[in-house]
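Heads up: the structure comes next, in structure tokens.
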Amino acid sequence: MEVELRELKRKDYAKAIQYAITGMHFHWYLDSRFLLNLYGRYFWYLELGRATQVIAAYVGDRLAGVLLAEMKGEPKQTRSFWRRLYVRGFEFLQNAFYKDGVGVYDEANRDMLAQYLKHNTPQGEILFLAADPESKTKGIGSRLLQELERRERGKTIYLYTDDACTYQFYEHRGFARACERDVVLDLGAKRVPLKCLLYSKVLGESPAAR
């Protein structure tokens, strides 16, 4: 079946959360399925609340992938008091119980961004990109990126990722690694080493043009 880009249906938020949990390997950090779902919901609500571009890919009636981006000067796509309240509550608990883990990761990202901004003036950030891991349709992520490039051609954009994710996907599509930092997340019973990464690209520009 053909991939169609449509408005994201609210009923598919739960699927997007599961795609994030699987694609970003949140289970590496959390053993409890209950906590895993709470964190996945927090992550989704956080990024959805920031997004000015919400691009959803469907194969038939099934959600196949989602891209969220925040572009300067564009209005937010969704607003919800209850989702903001959930995010704030979760962040309070996260900082109370996992500050040594989460704080190190956030600090690495802030440090990379500060270094990146010394020589770059981006117009946006990709907040979230995930595809259905069980879909037999190939190229969902590429199709979503192509649509963002069509809408925002010529703008410089960046994104955060780490080596727990498939960062090679971005390298194969013309994104350049701008910064990296090695961290160790202290999650109480777990210590998780990670390489934090920041990638950047001028949308619509081919790799050969860089």
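The values are calculated or read from the model by the stated rules, or taken from the named source; none is laboratory data. Fair warning: this is a prediction, and the values are worked out from it, not measured in the lab. Every residue, glycine among them, receives a Cβ derived from its backbone with ideal geometry; neighbour counts consider all protein chains shown.
Some points to look at:
- Filtering the stretch 67-90 to residues that are touching a helix residue (DSSP H, G or I) at 6+ places or on another chain (Cβ under 7 Å) and either among the hydrophobic types (A, V, I, L, M, F, W, C) or not in a loop (DSSP other than H, G, I, E, B) (or both) leaves L67, L68, A69, E70, R83, R84, Y86, V87, F90.
- Filter result for E2 (among the acidic types (D, E) and either more than 17 Å from G141 (Cβ to Cβ) or under 18 Å from the mean Cα position of the chain (by Cα) (or both)): no
- Residue pairs whose Cβ atoms lie under 6 Å apart, sitting 6 or more positions apart in sequence or on different chains, and linking a residue in the stretch 196-210 that is surrounded by fewer than 14 Cβ atoms within 10 Å (Cβ to Cβ) to a partner that is among the polar types (S, T, N, Q) and at pLDDT 95 or above, do not occur here.
- Taken over the stretch 163-177, the residue count meeting the criterion of being in a loop (DSSP other than H, G, I, E, B), at pLDDT 90 or above and surrounded by fewer than 19 Cβ atoms within 10 Å (Cβ to Cβ) is 2.
- Qualifying residue in the stretch 152-162 (condition: within 20 Å of G65 (Cα to Cα), assigned to a loop (DSSP other than H, G, I, E, B), at pLDDT 90 or above and out of contact with any Asp or Glu (no Cβ under 6 Å at 6 or more places or on another chain)): yes
- A single member of T166, T121, T156, T137 is more than 15 Å from A51 (Cα to Cα) and within 15 Å of the chain's Cα centre (by Cα), and it is T166.
- Here T137 clears all of (1) touching a Phe, Trp or Tyr at 6+ places or on another chain (Cβ under 9 Å); (2) touching a residue at least 40 places away in the same chain (Cβ under 8 Å); (3) closer than 30 Å to R62 by Cβ; (4) not in a strand (DSSP E or B) except the condition numbered (1).
- Looking only at residues of the stretch 29-62 that are basic (K, R) and within 30 Å of P193 (Cα to Cα), we find that the one that is surrounded by the most Cβ atoms within 10 Å (Cβ to Cβ) is R41.
- Screening F175 with (1) touching a residue at least 60 places away in the same chain (Cβ under 8 Å); (2) under 22 Å from L68 (Cβ atoms); (3) not hydroxyl-bearing (S, T, Y) gives one miss only, at (1).
- Some residue of the stretch 1-15 being acidic (D, E), part of a strand (DSSP E or B) and touching a helix residue (DSSP H, G or I) at 6+ places or on another chain (Cβ under 6 Å): no
- Checked against (1) surrounded by fewer than 21 Cβ atoms within 10 Å (Cβ to Cβ); (2) β-branched (V, I, T); (3) in contact with a strand residue (DSSP E or B) (Cβ under 8 Å, 6 or more places away or on another chain), I157 passes all but condition (1).
- Tabulated pairs, the stretch 148-169, first touching a residue at least 40 places away in the same chain (Cβ under 8 Å), second of a type in the set (D, E) and not in a loop (DSSP other than H, G, I, E, B), C-beta under 6 angstrom, 6+ apart or interchain: Y158/E125
- With respect to (1) closer than 20 Å to F43 by Cβ; (2) in contact with a helix residue (DSSP H, G or I) (Cβ under 6 Å, 6 or more places away or on another chain), the lone exception for L144 is condition (2).
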